[in-house]
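Everything below concerns the one structure shown next.
The values are calculated or read from the model by the stated rules, or taken from the named source; none is laboratory data. Here the structure is a predicted model, which means the values were calculated and not measured. Cβ: placed from backbone, ideal geometry, glycine included. Neighbour counts: every protein chain shown. Surface areas here come from the heavy atoms of the whole protein model, side chains and all, with no ligands, DNA or RNA. Shrake-Rupley method; radii C 1.70, N 1.55, O 1.52, S 1.80 Å.
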Amino acid sequence: MKLLIFFLLLSLSFALDRESIRRQTLELIPHMADLRTFPLFLDGEKVKAWILEDKYPEGKLYMNSAPLDVEPLIANANVEEIPQRVQTRYGITFRRTDLKLLPTNAVIHKGNPDIDYNQYTALDPFVPLAILHHSKDKNWLYVQSPIMRGWVKKEDVRLIDREELLRVLDLPFLLVVEPELRIESLSYSMGAKVPYVGKEGEDFLVLMPDERVVRVKGKGLIEGFWEFSEERVKYLLDSLLGYPYQWGGYYDCSALVRALFGVFGLELPRNSYQQALLGEGFERRFNSYQELKRELRNLPPYRTLLYMKGHIMLFGGFEGEDVVIYHAVYSIKDDNGRKLYPKAVVKNLLERDGLKGLYIRILAVKVLK
């Protein structure tokens with residue numbers, strides 16, 4: 001009995017405080033929202049400011065293959081038609097869709113179309129939305145999702161009323177624990193919630209965004225959130241290794257972190273800088289690789305985030321004397337100055353892979369507790 005109590009206390013000591021992280025995100029990350037308490041009405045000037053606050057990076061930009069002219073995109077955002085008082089409408093995503101900075105499918109880039117500066121993130125099916133505005137061409141909706149605001153294609157949204165949205169949020173759910181799971185024609189990413197209305201034998205009765213109910217097997221799905229353990233995080237990471245990198249999609253660096261911890265009930269923001277604001281830890285620069293290594297020996301693996309400008313990594317402990325990190329990375333420069341292009345989710349041993357020099361770029365170390 002004493003041994004049982006010991007292991008129970010041990011598991012609790014490694015549990016994640018979901019409510020504490022949720023409060024932290026809502027306090028620190030203005031782009032995130034609890035749609036249960038989202039205002040029924042908003043000041044129109046506030047919505048206009050949200051639409052116009054984010055901009056593309058400085059420098060020469062292209063839209064597809066032509067030089068970028070941003071004015072038609074801003075015109076299509078239709079801000080002059082925003083009323084003084086905006087009434088919130090509601091919806092859910094019909095299928096996996098993209099959340100955009102401005103209402104266009106065009107790729108905005110600096111010469112590499114793989115890096116689309118108009119792409120915020122991908123949204124899974126059945127993501128709840130607060131709808132705040134529409135584009136001039138009527139093809140796009142400006143929405144607040146739980147993790148970020150932006151533009152989605154109108155055809156990818158089913159309008160619902162607030163009462164239905166609240167019912168959907170209260171439904172029991174399954175969680176995806178595979179890199180990608182298909183239910184009929186719909187594709188879900190790791191950490192996605194799949195609402196269900198019942199169970200028949202070993203099959204779940206899953207609610208689809210078009211209101212149909214379909215039977216699915218439980219493979220790749222769990223009921224509710226997993227309790228955190230290092231073994232489970234490692235299992236999920238190993239299943240993702242080699243999965244293609246996709247900027248603003250599944251999986252880039254911050255989408256990987258968000259997906260992993262979503263399985264354990266943490267609703268993290270989508271941006272790597274925002275993720276580095278959460279948890280406990282410190283902002284600092286390291287003077288040497290050995291200094292970083294000494295610091296990491298005192299920190300828990302699989303819940304410690306290492307943040308560099310524009311990139312976030314997960315500390316995976318040590319293999320022998322070598323530091324292990326997991327991350328989704330498009331390109332990286334090794335200690336010899338060579339630029340490597342993994343374009344995938346990878347596990348790196350910093351000494352083995354000639355990446356000790358990464359210590360120079362680390363700006364913050366944060367532990368999710």
Summing +1 for each Lys or Arg and -1 for each Asp or Glu, what net charge is found among the other residues whose Cβ lies under 13 Å from the Cβ of PRO209? -2
Gaussian network model of the chain, Cα springs within a sub-10 Å range: biggest mean-square fluctuation belongs to which of LYS217, LYS193, LYS100? LYS217
Summed residue charge, Cβ within 11 Å of GLU53's Cβ, Lys/Arg positive, Asp/Glu negative: +3
Roughly how much of ASP114 is accessible, in Å² to the nearest 10, using a 1.4 Å probe? 80 Å²
GNM on the chain, Cα springs under 10 Å; top mean-square fluctuation among LEU350, LEU256, LEU340 goes to LEU340
If amide H atoms are modeled at 1.01 Å from N in the peptide plane, then the residues at a separation of 5 or more from ASP17, or on another chain, having amide H under 5 Å from its own are LYS369
With +1 on the Cβ of every Lys and Arg and -1 on the Cβ of every Asp and Glu, the dipole magnitude of the chain about its Cα centre, in debye rounded to the nearest 20, is 440 debye
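Roll a 1.4 angstrom probe over the protein heavy atoms and tell me the percent of accessible area of region 309-369 that is carbon or sulfur. Intermediate results must be reported in sequence, preceding the final value.
On the way: 1290 of 2690 Å².
The C+S portion of the solvent-accessible surface of region 309-369 is 48 percent.
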Across all Cα atoms of region 117-208, Rg and the largest Cα-Cα distance (Dmax), in Å, are 14.6, 49
How many Å² of accessible area per residue for the chain, probe 1.4 Å? 48 Å²
For region 225-322, inverting the pair-averaged 1/r of distinct alpha-carbon atoms gives a Kirkwood value in Å of 14.4 Å
Name the most mobile residue of ASP238, ASP116, ASP124, meaning the one with the largest mean-square fluctuation, in a Gaussian network model of the chain with Cα contacts below 10 Å. ASP238
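What's the FRET efficiency of LEU205 with PHE318 using the Cβ-Cβ distance as r and R₀ = 35 Å, to the nearest 0.05? All intermediate terms of the calculation are to be shown ahead of the outcome.
Details: r = 45 Å, r/R0 = 1.28.
The value I calculate is 0.20.
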At a Förster distance of 25 Å, what's the computed FRET efficiency of ARG232 paired with ARG22, Cβ-Cβ distance as r, to 0.05? 0.80
Rounded to 0.05, the calculated FRET efficiency for the beta carbons of GLU163 and ILE360 at R₀ = 45 Å is 0.25
Tell me the volume per residue, in Å³, of the convex hull enclosing the alpha carbons of region 299-356. 81 Å³
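Once the piece of chain linking ALA49 and TYR273 is laid out straight, how much longer is it, given 0.36 nm per residue of separation minus the C-alpha distance between them? Please report the intermediate quantities before stating the final value.
Details: separation 224, 0.36 × 224 = 80.64 nm, distance 2.12 nm.
The span from ALA49 to TYR273 would gain 78.5 nm if fully extended.
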Kirkwood Rh over alpha-carbon pairs of the chain, then Stokes-Einstein at 25 °C and 0.890 mPa s: what D in µm² s⁻¹, rounded to an integer? 112 µm²/s
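Sequence gap at least 6, Cα distance under 8 Å: using those rules, report the relative contact order of the chain to the nearest whole percent.
Details: 745 pairs, mean separation 52.9, N = 369.
Relative contact order, the chain: 14 percent.
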I'm checking a number: the convex hull volume of the Cα atoms of region 59-130, normalised per residue, in Å³. What is it? 108 Å³
For region 268-369, what log10 I(q)/I(0) values come out of the Debye formula at q = 0.13 1/Å, with one point per alpha carbon and no solvent? -0.41
